[in-house]
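Peer 1: Before I ask anything, here is the structure I am working with.
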Amino acid sequence: SRLSVFALVGILWGIPYYLYGWQVAKRLIFPCAYLVFCIPLNFLDSVTHPLRIFATSVAAALLNGVGIGVEQSGARLHSMTPGGFDLDVADACSGIRSLIAITALTAIYANLTQRQPWKQWFMFATSIPLVLIGNVVRIFTTGIVAEAFGTDMAMQLYHDFSGFIIFMVVFILLISIGTMIDRHWLEERKRWWQGRLSIT
(Lines give C-alpha, C1' and ligand atoms only; values in the text may rest on other atoms or scores of the structure.)
Protein backbone atom coordinates (compact mmCIF):
# COMPACT_ATOMS: atom_id res chain seq x y z
CA SER A 1 0.00 0.00 0.00
CA ARG A 2 2.86 2.39 0.70
CA LEU A 3 4.36 1.72 -2.71
CA SER A 4 1.01 2.67 -4.20
CA VAL A 5 0.96 5.96 -2.29
CA PHE A 6 4.54 6.74 -3.33
CA ALA A 7 3.53 6.00 -6.92
CA LEU A 8 0.56 8.35 -6.56
CA VAL A 9 2.90 11.14 -5.50
CA GLY A 10 5.02 10.45 -8.59
CA ILE A 11 1.95 10.51 -10.84
CA LEU A 12 0.75 13.81 -9.37
CA TRP A 13 4.05 15.32 -10.46
CA GLY A 14 4.43 13.34 -13.68
CA ILE A 15 1.09 14.33 -15.25
CA PRO A 16 1.78 18.12 -15.18
CA TYR A 17 5.29 17.41 -16.44
CA TYR A 18 3.90 15.43 -19.37
CA LEU A 19 1.18 17.96 -20.21
CA TYR A 20 2.95 21.28 -19.56
CA GLY A 21 6.67 20.54 -19.50
CA TRP A 22 9.52 21.27 -17.15
CA GLN A 23 8.75 24.94 -16.52
CA VAL A 24 5.50 24.01 -14.79
CA ALA A 25 6.69 20.72 -13.27
CA LYS A 26 9.68 22.29 -11.50
CA ARG A 27 7.32 24.50 -9.52
CA LEU A 28 5.50 21.40 -8.29
CA ILE A 29 8.55 19.48 -7.07
CA PHE A 30 8.27 20.70 -3.47
CA PRO A 31 4.45 20.47 -3.12
CA CYS A 32 4.44 16.93 -4.48
CA ALA A 33 7.51 15.85 -2.50
CA TYR A 34 5.93 17.26 0.67
CA LEU A 35 3.13 14.70 0.34
CA VAL A 36 5.67 12.08 1.50
CA PHE A 37 4.99 13.34 5.05
CA CYS A 38 1.43 12.02 4.64
CA ILE A 39 2.67 8.46 4.13
CA PRO A 40 2.96 6.31 7.29
CA LEU A 41 6.64 5.42 7.65
CA ASN A 42 6.45 2.62 10.18
CA PHE A 43 10.13 1.80 9.79
CA LEU A 44 10.81 4.88 11.93
CA ASP A 45 9.42 2.91 14.89
CA SER A 46 12.64 0.91 14.86
CA VAL A 47 14.63 3.99 15.91
CA THR A 48 12.30 4.78 18.81
CA HIS A 49 14.22 2.64 21.31
CA PRO A 50 17.71 3.95 20.38
CA LEU A 51 16.39 7.52 20.63
CA ARG A 52 14.97 6.80 24.09
CA ILE A 53 18.27 5.33 25.28
CA PHE A 54 20.27 8.21 23.80
CA ALA A 55 18.07 10.92 25.34
CA THR A 56 18.00 9.15 28.71
CA SER A 57 21.78 8.68 28.78
CA VAL A 58 22.53 12.32 27.96
CA ALA A 59 19.89 13.59 30.40
CA ALA A 60 21.33 11.35 33.13
CA ALA A 61 24.82 12.72 32.50
CA LEU A 62 23.51 16.29 32.67
CA LEU A 63 21.56 15.67 35.86
CA ASN A 64 24.57 14.11 37.53
CA GLY A 65 26.65 16.99 36.24
CA VAL A 66 24.48 19.58 38.01
CA GLY A 67 24.53 17.64 41.25
CA ILE A 68 21.26 15.68 41.00
CA GLY A 69 22.32 12.10 41.50
CA VAL A 70 20.49 9.70 39.19
CA GLU A 71 21.00 6.14 38.05
CA GLN A 72 20.06 5.04 34.56
CA SER A 73 18.41 1.71 33.94
CA GLY A 74 17.61 1.39 30.25
CA ALA A 75 15.16 4.19 29.54
CA ARG A 76 14.44 4.87 33.21
CA LEU A 77 15.98 7.41 35.55
CA HIS A 78 16.08 6.63 39.28
CA SER A 79 16.91 9.37 41.73
CA MET A 80 19.59 8.37 44.22
CA THR A 81 17.99 10.65 46.81
CA PRO A 82 15.85 8.72 49.35
CA GLY A 83 12.23 9.06 48.31
CA GLY A 84 13.29 10.70 45.04
CA PHE A 85 11.76 10.50 41.61
CA ASP A 86 11.51 7.58 39.22
CA LEU A 87 11.07 8.65 35.59
CA ASP A 88 10.32 6.36 32.67
CA VAL A 89 11.11 7.72 29.20
CA ALA A 90 8.29 6.06 27.26
CA ASP A 91 8.07 5.53 23.49
CA ALA A 92 6.00 8.70 23.19
CA CYS A 93 8.90 10.64 24.75
CA SER A 94 11.51 9.32 22.31
CA GLY A 95 11.18 12.48 20.22
CA ILE A 96 10.15 10.73 17.00
CA ARG A 97 6.82 12.57 16.78
CA SER A 98 8.51 15.90 17.40
CA LEU A 99 11.10 14.98 14.80
CA ILE A 100 8.47 14.38 12.13
CA ALA A 101 6.47 17.48 13.05
CA ILE A 102 9.41 19.88 13.17
CA THR A 103 11.07 18.55 10.02
CA ALA A 104 7.74 18.98 8.22
CA LEU A 105 7.45 22.59 9.41
CA THR A 106 11.11 23.24 8.65
CA ALA A 107 10.63 22.03 5.10
CA ILE A 108 7.87 24.59 4.57
CA TYR A 109 9.80 27.39 6.27
CA ALA A 110 13.01 26.68 4.34
CA ASN A 111 11.16 26.48 1.04
CA LEU A 112 9.41 29.82 1.62
CA THR A 113 12.39 31.77 2.97
CA GLN A 114 15.44 30.30 1.23
CA ARG A 115 16.11 30.40 -2.50
CA GLN A 116 19.31 28.38 -2.77
CA PRO A 117 18.77 24.59 -2.56
CA TRP A 118 21.82 24.12 -0.32
CA LYS A 119 20.33 26.51 2.25
CA GLN A 120 17.03 24.64 2.19
CA TRP A 121 18.71 21.28 2.70
CA PHE A 122 21.03 22.70 5.36
CA MET A 123 18.10 24.00 7.40
CA PHE A 124 16.22 20.73 6.94
CA ALA A 125 19.25 18.73 8.14
CA THR A 126 19.84 21.12 11.05
CA SER A 127 16.33 20.54 12.37
CA ILE A 128 17.15 16.90 13.18
CA PRO A 129 19.92 17.45 15.79
CA LEU A 130 17.99 20.41 17.23
CA VAL A 131 14.98 18.17 17.86
CA LEU A 132 17.21 15.58 19.56
CA ILE A 133 18.77 18.29 21.73
CA GLY A 134 15.32 19.68 22.55
CA ASN A 135 14.12 16.25 23.66
CA VAL A 136 17.17 15.81 25.89
CA VAL A 137 16.53 19.23 27.44
CA ARG A 138 12.91 18.25 28.08
CA ILE A 139 13.91 15.09 29.96
CA PHE A 140 16.69 16.93 31.79
CA THR A 141 14.39 19.74 32.95
CA THR A 142 11.71 17.20 33.91
CA GLY A 143 14.24 15.58 36.21
CA ILE A 144 15.06 18.97 37.75
CA VAL A 145 11.38 19.73 38.34
CA ALA A 146 10.84 16.25 39.80
CA GLU A 147 13.75 16.73 42.18
CA ALA A 148 12.58 20.17 43.26
CA PHE A 149 8.79 19.81 43.34
CA GLY A 150 8.07 16.09 43.21
CA THR A 151 7.23 13.51 40.59
CA ASP A 152 3.54 14.47 40.38
CA MET A 153 4.33 18.05 39.45
CA ALA A 154 6.95 16.97 36.91
CA MET A 155 4.90 14.25 35.21
CA GLN A 156 1.59 16.08 35.14
CA LEU A 157 1.78 19.85 34.85
CA TYR A 158 5.33 20.31 33.56
CA HIS A 159 5.38 17.23 31.33
CA ASP A 160 2.15 18.26 29.59
CA PHE A 161 3.33 21.78 28.75
CA SER A 162 7.08 21.34 28.33
CA GLY A 163 6.62 19.77 24.89
CA PHE A 164 5.10 22.98 23.55
CA ILE A 165 7.86 25.08 25.12
CA ILE A 166 10.67 22.95 23.67
CA PHE A 167 8.86 22.88 20.32
CA MET A 168 8.78 26.69 20.17
CA VAL A 169 12.38 27.02 21.31
CA VAL A 170 13.61 24.62 18.61
CA PHE A 171 11.69 26.44 15.90
CA ILE A 172 12.97 29.83 17.08
CA LEU A 173 16.50 28.43 16.83
CA LEU A 174 15.77 27.27 13.28
CA ILE A 175 14.54 30.75 12.34
CA SER A 176 17.71 32.21 13.87
CA ILE A 177 19.87 29.81 11.86
CA GLY A 178 18.05 30.81 8.68
CA THR A 179 18.66 34.47 9.46
CA MET A 180 22.35 33.87 10.13
CA ILE A 181 22.72 31.93 6.87
CA ASP A 182 21.20 34.82 4.92
CA ARG A 183 23.36 37.40 6.69
CA HIS A 184 26.53 35.39 6.13
CA TRP A 185 25.62 34.81 2.49
CA LEU A 186 24.96 38.51 1.88
CA GLU A 187 28.25 39.47 3.52
CA GLU A 188 30.15 36.94 1.40
CA ARG A 189 28.52 38.25 -1.77
CA LYS A 190 29.29 41.84 -0.75
CA ARG A 191 32.97 41.02 -0.19
CA TRP A 192 33.08 39.17 -3.50
CA TRP A 193 31.69 42.17 -5.39
CA GLN A 194 34.06 44.53 -3.59
CA GLY A 195 36.95 42.31 -4.62
CA ARG A 196 35.81 42.29 -8.24
CA LEU A 197 35.43 46.07 -8.26
CA SER A 198 38.89 46.58 -6.76
CA ILE A 199 40.41 44.37 -9.46
CA THR A 200 38.69 46.28 -12.25
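Peer 1: What are the membrane-span-like helices in the chain by this rule: whole DSSP H runs, Cα extent along the axis at least 30 Å, mean Kyte-Doolittle hydropathy at least -0.5?
Peer 2: 117-149, 159-199
Peer 1: Roughly to the nearest percent, how much of the accessible area of the chain is carbon and sulfur, given a 1.4 Å probe?
Peer 2: 70
Peer 1: So if I take the centroid of the Cα atoms in the stretch 83-133 and the same for the stretch 27-66, what is the distance between those two points in Å?
Peer 2: 7
Peer 1: Compare the peptides 76-84, 140-148, 104-112 by average per-residue count of other Cβ atoms within 10 angstrom and give them in order, highest first.
Peer 2: Working: 76-84: 14.2, 140-148: 19.4, 104-112: 17.2.
So the order, starting with the most tightly packed, is 140-148, 104-112, 76-84.
Peer 1: Can you sort ARG183, ARG27 by 1.4 Å-probe accessible area, starting with the largest?
Peer 2: Details: ARG183 140, ARG27 185 Å².
Largest accessible area first, the list is ARG27, ARG183.
Peer 1: Let me check against my output: what whole-number percent is the relative contact order of the chain, with C-alpha pairs under 8 Å and at least 6 apart?
Peer 2: On the way: 178 pairs, mean separation 33.5, N = 200.
It comes to 17 percent, rounded to a whole number.
Peer 1: Additional query: Amide H neighbours of VAL70 under 5 Å, at least 5 residues apart or on other chains, H built in the peptide plane: list them.
Peer 2: Under 5 Å from the amide H of VAL70: ASN64, MET80.
Peer 1: Related question: Which order do ILE133, ILE139 take when ranked by solvent-accessible area (1.4 Å probe, heavy atoms of all protein chains), largest first? Can you show the working numbers first?
Peer 2: Values: ILE133 100, ILE139 15 Å².
Of ILE133, ILE139, the descending order of accessible area is ILE133, ILE139.
Peer 1: Now for a separate question. Can you give me the solvent accessible area of ILE53 with a 1.4 Å probe, rounded to the nearest 10 Å²?
Peer 2: For ILE53, the solvent-accessible surface is approximately 50 Å².
Peer 1: With a/c under 1.5 counting as rounded, go ahead and sort the chain into rounded, prolate or oblate using the C-alpha gyration tensor (a ≥ b ≥ c being the square roots of the eigenvalues; past the cut-off, prolate if a/b is larger than b/c, else oblate). Show your work: numbers first, answer last.
Peer 2: Working: a/c = 3.39, a/b = 1.60, b/c = 2.12.
It is oblate, given that a/c is not under 1.5 and a/b is not larger than b/c.
The values are calculated or read from the model by the stated rules, or taken from the named source; none is laboratory data. Remember, it's a predicted structure, so these values are computed and weren't measured experimentally. Note that each Cβ is placed from the backbone with ideal geometry, even for glycine, and that neighbours are counted across all protein chains shown. The area values use the complete protein model at the heavy-atom level, side chains included, leaving out ligands, DNA and RNA. Shrake-Rupley method; radii C 1.70, N 1.55, O 1.52, S 1.80 Å.
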